[in-house]
Amino acid sequence: MDLDLLQATLAQRGQPAFRAQQVWEWAARGASSYAEMTNLPEALRADLERSVPLSSLTLEREALARDGTEKALFHTADARPLEAVLMRYRGGAKHSASVPDPSRGGAKHSASVPDPSRGGRHSVCLSSQSGCPLTCSFCATGSMAFGRNLTASEILDQALHFRRKEVSAGHPASPSESDGAVAPPRLDHCVFMGMGEPLLNLDNVLAACERLPDIGIHPSNTTISTVGWIPGIDRLAERNGPTIRLALSLHAPDDALRSELMPVNERYPLADVLDACRRWHAARRRRVYVEYLMLGGVNDHYEQAIALAALLAPRTAFKVNLIPYNPTDSSFEGSSRDAIDAFRSALEERGVPATVRLTRGRDIDAACGQLAAGADAGARAASAAPAR
Ligand code: SAH
């Protein structure tokens, strides 16, 4: 919902200031129409129905993967494409660490206490821009034309799309509304790993993050992923800055290869980026998640694992996540399972914590930019279902 338009419309109608907050609270809980907003005067509901669309985005296409991953392709009012992905993870305590519990005034469940009312974690992957100005050579979004920064409302509307779907599927607005029965998992994590570079649109990304808790996503369950845009990392490290988590797309252990894969490295070289990450770690006392895409024969050699381990000091500041490559139209191929395992062992033997990312939604082109880039090129993803 375009919150600026909502505010302006309410002001024009001479409505009291609290109305905008009332409407937002309904939207954040997953309301699908103004008719549901029963604490608003009926005439106002009908008026808003006509003048403020419930979402600033139009759903163009949806795709549901066999593993439950769901991808949505939208366009903005000015026809810019963007996409968002919902990842559903099964399991109880393992994946439900640190979830906000509105019934306890926002207090967090402890990760070590299994919560039988929770069935898993739902994580939404959001876009911060339509297209991306940074031309990483392996990335489908990087091959599209850059559109523009998304507004805070356009960012929030991606999450609200999936929130509404959860509600219509019978998921309660909060765990406390589940009457003690086993509550289905609900949206509680967010990663800015969709299209675009979030640190190039930081004001709008942070404005969106301020409202995510109303949808059920706590800042400590929100992760911003960056190519290493140093001014943005430093802003996130400011005193009284947000408690959002930081992920760095590193992808190569030396400047020559990294600049080849990610031209932005020419501007912000590896050593400077890692220094910025250390400053962020010192300010937040959280590990930086290092994303390392596994590209067969390019960055997956044993020596490169050793070089990567040497970069990541102190050990307490970093954790590596090895990412199996989702093939796109680029010339890159993903590393073999054996190469990924060997790379991981080499890191762990040197005291660097490393995990391998679960690959989600491969059958629906769920990797960064793939669906929108396909649409951009006029292509049709074979497995995509028509939008409902
Ligand atoms: N611009 C930010 C966030 C968007 S990309 C960044 O670069 O971090 C989110 C992550 O997806 C990045 O780590 C990116 O390198 C990765 N990615 C891009 N294309 C991919 C692909 N085809 N398969 C797997 N991961 C990919």
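The values are calculated or read from the model by the stated rules, or taken from the named source; none is laboratory data. These numbers were taken from a predicted model, which means no experiment stands behind them. FYI the Cβ positions are ideal-geometry reconstructions off the backbone, even for glycines, and counts take in every protein chain you see. Ligands, DNA and RNA are excluded from the accessible area calculation, which covers all protein heavy atoms including side chains. Shrake-Rupley method; radii C 1.70, N 1.55, O 1.52, S 1.80 Å.
Can you sort M193, M294 by 1.4 Å-probe accessible area, starting with the largest? Before the final figure, lay out the partial values.
Details: M193 45, M294 0 Å².
Of M193, M294, the descending order of accessible area is M193, M294.
In the full protein context, segment 6-80 carries 49 Å² of accessible surface per residue, based on a 1.4 Å probe and ignoring ligands, DNA and RNA. The listed peptides 197-207, 325-335, ordered by packing as a protection proxy, come out as 197-207, 325-335 (highest mean of other Cβ atoms within 10 Å first).
Computed from backbone phi, the HN-Hα couplings of segment 251-264 come to 6, 7, x, 9, 5, 4, 5, 5, 5, 5, 7, 9, x, 4 Hz, rounded to whole numbers (Karplus: 6.51 cos²θ - 1.76 cosθ + 1.60, θ = phi - 60°; Gly and Pro given as x).
If R₀ is 56 angstrom, what is the calculated FRET efficiency for the pair A310 and F18, using the beta carbon separation as r and rounding to 0.05?
Working: r = 56 Å, r/R0 = 1.00.
Efficiency for this residue pair is about 0.50.
Projecting the Cα positions of A252, W229, V264 onto the charge dipole of segment 225-270 (unit charges on Cβ atoms of Lys, Arg, Asp and Glu, taken about the Cα centre) puts W229 furthest along the positive direction. Distance between the C-alpha centres of segment 328-367 and segment 1-70: 40 Å, rounded to the whole angstrom.
Can you give me the accessible area per residue for segment 200-299, using a 1.4 Å probe, in Å²? Before the final figure, lay out each step's value.
On the way: 3800 Å² over 100 residues.
Roughly 38 Å² per residue, with all protein chains present.
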